[in-house]
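Read-outs: derived from the displayed coordinates by stated rules, not from any lab. Since this is a predicted model, take the numbers as computed values, not measurements. In this analysis, Cβ positions are derived from the backbone assuming ideal geometry, glycine residues included, and neighbour counts consider all displayed protein chains.
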Amino acid sequence: MNYYLDVLKKYADFSGRARRQEYWMFFLFQLAALIIVSILDAVLGTSPWLYTLYALGTLLPNLGVTVRRLHDTGKSGWWIFISIVPLVGFIWLIVLLATAGEQQPNKYGQNPKVLAA
């Protein structure tokens, strides 16, 4: 839960690096929250208003942590647009997000694993 809240606190921070654990824990909580909001939407009969509001409200934090995750692998945040390429692009983005970060400092900052220890 702390990973989710930390990402929300840095909602518009596109600089620095994010560990794999930070990204994937945020992704997990985000997915769970979207499922819960979707169910609430169906129960309350407000579909798709709550889902849309929540998704739009967490769009910037989601983009921010994705860009920081790409920075950890040594890639520019612009690599997020590789997902536009049909089929292959989305798979390549997942591979980039799942790749281990660079151990040494890169142009985006220190290794977040070293900073956390």
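The table that follows gives values for the structure above.
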read-out	value
Members of segment 84-95 found to be touching a Phe, Trp or Tyr at 6+ places or on another chain (Cβ under 8 Å) and under 14 Å from residue 27 (Cβ atoms), listed by number	93
One residue from 74, 16, 45, 57 being touching a strand residue (DSSP E or B) at 6+ places or on another chain (Cβ under 9 Å) and free of Cβ contacts under 8 Å to residues at least 60 places away in the same chain	74
Filtered residues of segment 9-24 (kept if buried (at least 18 other Cβ atoms within 10 Å of the Cβ) and part of a helix (DSSP H, G or I))	22, 23
